[in-house]
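Written below as structure tokens is the structure these notes are about.
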Amino acid sequence: MPRRWIQLPAACSLVFLFGCHTATDESAPAPAAAAPQAVAATAPRTGVVETAAGRYRFTPSTCAIHDGNGAPDIEVGGPGTAPDGERIYVEFSSTARALDIHLGVDTPFASPERSLRAGVGSGEMPIEVTGRTIRVAELELVDDAGSREAGSLLIEC
């Protein structure tokens, strides 16, 4: 196969950067210009559970929203920090109707030291989805000892 380009000497390398090249086969088609790539400005994924004790902040590493026959099917999970700086891992599932905040861990499937849970067994959890934003305006968090605390959830996927 014939070479289509010849190498330029090192002395011409600066000129090469500015478009100097020599083709050995004039009938060869010119290389296609790269198509411009669209750069979409996307907001970072964020999540916060607001309570009287403070904010539990997390960054969703999993963030799936699907419209399942008129009801949103949502699965979110990611690491973060509790109001006191302790590591946490948050899981939210509309299918399970549950929000779990695992305290003392920051990875999925790790055994948490303690946890907070909202949803199943702790009251109603009305979920509002607008685009990539998930809101639960009122939820009741229950800790391992059964203490209850009101809160809200906001996730930007």
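The values are calculated or read from the model by the stated rules, or taken from the named source; none is laboratory data. Predicted, not measured: the structure shown is a model, and the values here were computed from it. Virtual Cβ from ideal backbone geometry, glycine too; neighbours counted across all protein chains shown.
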Unmet requirement for Pro79, which otherwise passes all of (1) modelled with pLDDT under 95; (2) more than 17 Å from Gly151 (Cβ to Cβ); (3) assigned to a strand (DSSP E or B); (4) of a type outside the set (Phe, Trp, Tyr): (1)
Single unsatisfied condition, Glu128 versus (1) surrounded by 13 or more Cβ atoms within 10 Å (Cβ to Cβ); (2) modelled with pLDDT under 95; (3) in contact with a Lys or Arg (Cβ under 9 Å, 6 or more places away or on another chain): (1)
From the set of residues in the stretch 123-155 that are assigned to a loop (DSSP other than H, G, I, E, B) and within 16 Å of the chain's Cα centre (by Cα), which is nearest to Val49 (Cα to Cα)? Arg132
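Can you tell me which residue in the stretch 101-122 is surrounded by the fewest Cβ atoms within 10 Å (Cβ to Cβ), limited to those that are among the hydrophobic types (A, V, I, L, M, F, W, C) and assigned to a strand (DSSP E or B)?
Taking the candidates together, the pick is Leu103.
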Restricting attention to the stretch 59-72, which residues are part of a strand (DSSP E or B), over 12 Å from the mean Cα position of the chain (by Cα) and surrounded by fewer than 14 Cβ atoms within 10 Å (Cβ to Cβ)? His66, Asp67, Gly68, Ala71
If Ala98 meets every condition in (1) crowded, with 19+ Cβ neighbours inside 10 Å; (2) at pLDDT below 95; (3) not charged (D, E, K, R) apart from one, which number is that one? (1)
Answer from Val76, Val136 - the residue that is out of contact with any Lys or Arg (no Cβ under 7 Å at 6 or more places or on another chain), closer than 15 Å to Thr46 by Cα and without any contact (Cβ under 8 Å) to a residue 60 or more places away in the chain: Val136
